[in-house]
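Input: a single structure, listed below in structure tokens.
The values are calculated or read from the model by the stated rules, or taken from the named source; none is laboratory data. These numbers come from a predicted model, not from an experiment. Using ideal geometry, Cβ is built from the backbone for each residue, glycine included, and neighbour counts are taken over all protein chains shown.
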Amino acid sequence: MFRRSIRTWLPPGILILSLCLTYVATMAPGLSWANNSADSGDLISAVATGGIAHPSGYPTYLLLARLFQFLPWGSIAFRTNLFSVVSTVLAAVIMYFMVIKIPYGPIQNNKFAGLISAYAFGLSPLVWSQAVITEVYGLHTLFVVLILYLMLLGIGSSLGLQLHLDRLRGLVFGLGMGNHLTTIFLLPVIFINGIVTKSDVENADLESRHKNIRLIVCLGQKWRLNLGALTVRMKWLAIGLLVYLILPLRASFHPPINWGNPVTFKNFYWLVSGQLYGERVFTVPTELILPRIEAWANLLISQFGLLGLAIGLYGLFYCRPIPIKFYLVTGWLFIAFSLFSIGYNSYDSEVYLTYAFLPLVIWIGLGAADIIQSLSLRTPWLGTAVGILIIGYIIGHALFNFPKVDASRDQRAEIFGQKVLAVAPSNALIFTTKDQDSFTLWYFQFVLNERPDIAILVEGLLPYQWYRDMLRYTYSSLVIPDQTNGLWLYTIIEANASRPICKTSLEGSEVLLCR
């Protein structure tokens, strides 16, 4: 029994330890701009002050990240970075167990296959880069992998267990939506998982106790939709979505970071629907589509290397038999997130390819398992040797990508914030224009409580009523007129003529320009 426990838990234990050491060694030591983490200052500050982050508000993230900010060591930024580490390590461990439970002979309980998939996943540059900074994508990755695992878990189990799993599936999905709206792309997975084939219905009891309808005839099989299970999942999904109700509650206390001020339905909808960024969805100029597709292909290769890609393609095209639903789920994720990433007009849209490439990680495990089993049947030790070599290749490929994701020496944000506050005149109005300078100064003022005499104003947000109201509550001495005949920037400057006026600069040696 003891030996069996060791064999069961030693591989995931090694995985957890090695990934934790890797991530912590490359984690940002504090507030950071590494790996496109311009939003870090906003997220850390919103969590710490009981505020609301930029659209869509990320209520699930706000609640869970706060738990890590209560840790007794390191700065607030360090603790929040650690949340991304833990989220991503958990995602990798779930990936390990998900792969070895796939209903395909060579991979079931194949520890090498699980480790190969988990390392290919956890050490891929896109996943690694988000694991070492404060961003919502570490937690998003955890939810995506967990949703997929729950859809696979319980196949062939009793109806009672399935009912509990359906509740959990819906709840996790709803909470995942509370972290990132692109979780909606997994909604078809719930329906695909709710389809049962003739081979799934092994007894009349299952068919009689669930209201099934014939959906489609495909590949010679009658497919049915399990409406009972789907109803349970959708109910609990709605319960999970109730996490968004914390946003108006937090807004009612007028925190210093209060995006959208969602105390009215109009403001609430503006925030949670992400209208501020809606114009970026599928608005990439036509002339940039082909370069983005080329970048997509290059990123695919850079994640796993040519050997990893070859093993994944082998698993996809040569491993049989695999349930058709498995192809539908992985194919849908690959296509949906690829199209969204290519069409999303943002400088950091490549991060969404994490979830497009995630299916390939699973197929890498399948391919590796088939190769290892085939070699083991000929020469027992050869399969083990090949498994070790594949893991060694993945680790070696990760070392090659190490400089691209390492955030351990990035102190640009901390240095910028310290310099600005050191040279800012007393009672100055400091106007910012970018996420980096705005959110960094929010962190220093609202979290570290430095320089309460100055007022930080984000130029791009001044036209919004909710933002001007936020400024009124945050800076009681700041005069904000009720209306303007021109640009709000000049109206506010004129209304506060006695105060020094400064503007941040991210270029050159001077970080603050004042008059």
## Note on the structure
Of the candidates Tyr149, Tyr96, the one satisfying the condition of being out of contact with any Leu (no Cβ under 7 Å at 6 or more places or on another chain) and under 21 Å from Gly176 (Cβ atoms) is Tyr149
## Note on the structure
Over the stretch 145-198, the set of residues at pLDDT below 75 and of a type in the set (Gly, Ala, Ser) is Gly154, Gly156, Ser157, Ser158, Gly160, Gly194
### Task
Kindly list, by first and then second residue, each pair from a residue in the stretch 246-263 that is in contact (Cβ under 8 Å) with a residue 60 or more places away in the chain and outside the structural domain of Ser476 (by TED's automatic domain parsing) to a residue that is β-branched (Val, Ile, Thr) and part of a loop (DSSP other than H, G, I, E, B), limited to pairs with Cβ atoms under 6 Å and residues at least 6 apart or on different chains.
Ala251/Val263
### Summary
Across (1) among the hydrophobic types (A, V, I, L, M, F, W, C); (2) surrounded by fewer than 23 Cβ atoms within 10 Å (Cβ to Cβ); (3) more than 15 Å from the chain's Cα centre (by Cα), Leu82 clears everything bar (3)
### Task
Please tell me if Ala369 is of a type in the set (A, V, I, L, M, F, W, C) and exposed (fewer than 15 other Cβ atoms within 10 Å of the Cβ).
no
### Message
Can you tell me which condition Ile342 does not meet? The list is (1) out of contact with any Phe, Trp or Tyr (no Cβ under 9 Å at 6 or more places or on another chain); (2) part of a helix (DSSP H, G or I); (3) more than 25 Å from Ile94 (Cα to Cα), and all the others hold.
### Response
(1)
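Give, as residue ranges, the helices (runs of 4 or more DSSP H) completely inside the stretch 423-515 that count at least 3 residues that are under 25 Å from Ala48 (Cβ atoms) and not small (Gly, Ala, Ser).
Fully inside the stretch 423-515 and qualifying: 435-442, 465-474.
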### Query
Does Gly460 fit the bill of being under 22 Å from Pro255 (Cβ atoms) and touching a residue at least 40 places away in the same chain (Cβ under 8 Å)?
no
### Query
What residue, among those in the stretch 36-60 that are in contact with a Pro (Cβ under 9 Å, 6 or more places away or on another chain) and in a helix (DSSP H, G or I), is nearest to Leu181 (Cα to Cα)?
Ala46
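To keep it simple, each residue is scored yes or no on (1) surrounded by 13 or more Cβ atoms within 10 Å (Cβ to Cβ); (2) farther than 28 Å from Ile102 by Cα.
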position	(1), (2)
Cys319	yes, no
Lys325	yes, no
Trp332	yes, no
Asp348	yes, yes
Trp363	yes, no
Gly383	yes, no
Ile391	yes, no
Phe400	no, yes
Pro403	no, yes
